[in-house]
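Contents: one structure, followed by commentary.
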Amino acid sequence: MGRWESLIDQKIREAIEQGEFDNLAGKGEPIDLSENPFEDPHWRTAHRLLRNAGFAPAWIEERKDIEAELEAAREQLSRAWTVVRNARDTENERGATARWEKARSAFSQQANNLNKQIVAWNLRVPSAALHRKLIDAECEIERIREAVQ
């Protein structure tokens, strides 16, 4: 194999020295990566039309929905924790703590529901490399508590 590789390298080097690559189309321009080389050519035009119209495959749109719902849940939890922090040592502390516990419970339930969606979504994505990790509700709650100090 090494003998063939060195022969190939030698031929490429000789072609470069002879200027064989000097007048190639697109020289000095960025490579067009907008086309997917693994895409079925019969579907390429349809996919391009959908992409240009702002559409994405269903599994990508579902991932965006999951992430948006998680971010909204995080925001609600963060607001509830901010209220608790601001209400410490005031007459509103008891109510704020009750609101925090309710928000924690709601977040945990929402994380559980999102985890079910994530499991289903992971089955639909085209590659295991694209799988999304499940949400650890307690870890998320602790992260929010530490972030809002």
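Computed from the coordinates by the stated procedures, all read-outs in this text should not be read as laboratory data. Keep in mind it's a predicted model, so treat the numbers as computed, not measured. Using ideal geometry, Cβ is built from the backbone for each residue, glycine included, and neighbour counts are taken over all protein chains shown.
FRET efficiency for the pair residue 148 and residue 67, taken as 1/(1 + (r/R0)^6) with r the Cβ-Cβ distance and R0 = 25 Å, rounds to 0.75. The spacing between the stretch 11-60 and the stretch 73-149, judged by their C-alpha centroids, is 42 Å. Taking Cα centre as origin and charging only the Cβ of basic (Lys, Arg, +1) and acidic (Asp, Glu, -1) residues, the dipole magnitude of the stretch 52-103 rounds to 220 debye. Listed values for the stretch 6-19 are Karplus-derived 3J(HN,Hα) couplings in whole Hz (6.51 cos²θ - 1.76 cosθ + 1.60, θ = phi - 60°), namely 5, 5, 5, 4, 5, 5, 5, 4, 5, 5, 5, 5, 7, x, and x replaces Gly and Pro.
Order the peptides 125-136, 103-114 from the highest to the lowest mean number of other Cβ atoms within 10 Å of their residues.
Taking the mean over residues of other Cβ atoms within 10 Å, the ranking is 103-114, 125-136.
For the stretch 48-149, GluC sites (Glu not before Pro) meeting the loop criterion (DSSP other than H, G, I, E, B) and having at most 11 other Cβ atoms within 10 Å: 91. Lysine pairs in the chain whose alpha-carbon atoms fall under 27 angstrom of each other, counting only those eight or more residues apart or on distinct chains, come to 7.
Taking a point 7 Å out from the Cα of residue 119 in the direction of its Cβ, the residues of the stretch 41-73 whose backbone N falls within less than 19 Å of it are 63, 66-67, 70. Working note: Debye formula, equal point scatterers on the alpha-carbon atoms of the stretch 1-115, no solvent; log10 I(q)/I(0) at q = 0.12, 0.23, 0.24 Å⁻¹ is -0.75, -1.19, -1.23. In percent, rounded to a whole number, the relative contact order of the stretch 61-149 is 37, using alpha-carbon pairs under 8 Å and six or more apart. Here the relative contact order of the chain, from alpha carbon pairs under 8 Å that lie six or more residues apart, stands at 22 percent. Site pair residue 129 and residue 31 shows an inter-label distance of 1.5 nm when each label is modelled 7 Å from Cα along Cα→Cβ.
Placing +1 on each Lys and Arg Cβ and -1 on each Asp and Glu Cβ, with no other charges, gives the chain a dipole about its Cα centre of roughly 720 debye. For residue 68, the shell of other residues with beta-carbons less than 14 Å away shows a net charge of -3, using +1 for Lys and Arg and -1 for Asp and Glu.
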